[in-house]
1. Could you grab me the full set of residues in the stretch 151-166 that are part of a helix (DSSP H, G or I), touching a residue at least 12 places away in the same chain (Cβ under 8 Å), surrounded by fewer than 24 Cβ atoms within 10 Å (Cβ to Cβ) and not hydrophobic (A, V, I, L, M, F, W, C)?
2. Regarding L117, is this residue surrounded by 23 or more Cβ atoms within 10 Å (Cβ to Cβ), of a type in the set (A, V, I, L, M) and assigned to a helix (DSSP H, G or I)?
3. Hey, can you tell me all the residues within the stretch 28-46 that are under 19 Å from the mean Cα position of the chain (by Cα), more than 16 Å from A103 (Cα to Cα) and not small (G, A, S)?
4. Take E135 and decide whether it is assigned to a helix (DSSP H, G or I), out of contact with any His (no Cβ under 8 Å at 6 or more places or on another chain), surrounded by 23 or more Cβ atoms within 10 Å (Cβ to Cβ) and modelled with pLDDT under 95.
5. Can you list residue pairs whose Cβ atoms sit under 7 Å apart, with the first residue in the stretch 35-63 being closer than 22 Å to A107 by Cα and the second being among the hydrophobic types (A, V, I, L, M, F, W, C) and not in a helix (DSSP H, G or I)? Count only pairs 6 or more apart in sequence or on different chains.
6. Just for the stretch 138-150: of the residues that are among the hydroxyl-bearing types (S, T, Y) and within 17 Å of A16 (Cα to Cα), which one is surrounded by the most Cβ atoms within 10 Å (Cβ to Cβ)?
7. Just to be sure before I move on: is R39 at pLDDT below 90 and among the basic types (K, R) in the structure I sent?
Amino acid sequence: MLAIAVIPFPEIVPAALPMLIVATGARWARGRSWAEVVRGGGFPAVVGALAGALALALAVVVGSQGMSALSQRSIEWSEHPIVRGNLGLVVIVGVYVAVTALAAELALRGWIVERMLELSPGSPILPVFVGSLAEAATTPGDVTTRLGAGLFGAGLGWLYVKSGRSVVAPICARVSFQSGAVVLEALRLVG
């Protein structure tokens, strides 16, 4: 599964999409469906969206400053530079971000973390940790980017576990975080 992270796909194809294909095949082969992990409702969605917005605020205010100090260089937020100063493209990029978020959460939390929880009953620490490692491994960028992605993945893993093993809250958190980052980039508040 993580070998997908090193396959040289075109930049427009995020690793989450091939991972979702592999995860869907693996779940299907075991007689499982995505309906088992896509459940919940409005409350987990709202909690996830708020958690994503809070994570973005912390990343911009605290994380960027701390990582800049540690790495002695500025943090690059430009994941989608096409939106810089172009609010018209925010909606198009927002749809791309939402689809990628759905694929990533189904593959990382709904499959990897879920499978780890099935294989190692008890404490969810190891499954959440493995999910955060997978998040870091499949995120393009330098060490600071991957460190941030791993930390974010750990938070999404805990959201997954605490919401009754449902991907609704982590999906909403990821969409909120990444869409917020796109808007901040479009407004040229981060770069």
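The values are calculated or read from the model by the stated rules, or taken from the named source; none is laboratory data. Every value quoted in this text rests on a predicted model; they were computed, and no experiment measured them. Neighbour counts run over all protein chains shown; Cβ positions are idealised from the backbone, glycine included.
1. Selection gives G155 alone.
2. Spelling it out, it is not the case that L117 is surrounded by 23 or more Cβ atoms within 10 Å (Cβ to Cβ), of a type in the set (A, V, I, L, M) and assigned to a helix (DSSP H, G or I).
3. Once the filter is applied, which keeps residues that are under 19 Å from the mean Cα position of the chain (by Cα), more than 16 Å from A103 (Cα to Cα) and not small (G, A, S), the stretch 28-46 yields P44, V46.
4. Judged against the criteria, E135 is a match.
5. Once the first residue is closer than 22 Å to A107 by Cα and sits in the stretch 35-63, its partners that are among the hydrophobic types (A, V, I, L, M, F, W, C) and not in a helix (DSSP H, G or I) give V37/V167; V38/V167.
6. That would be T138.
7. Details: at pLDDT below 90: yes; among the basic types (K, R): yes.
Yes; evaluated as a whole, the condition is true for this residue.
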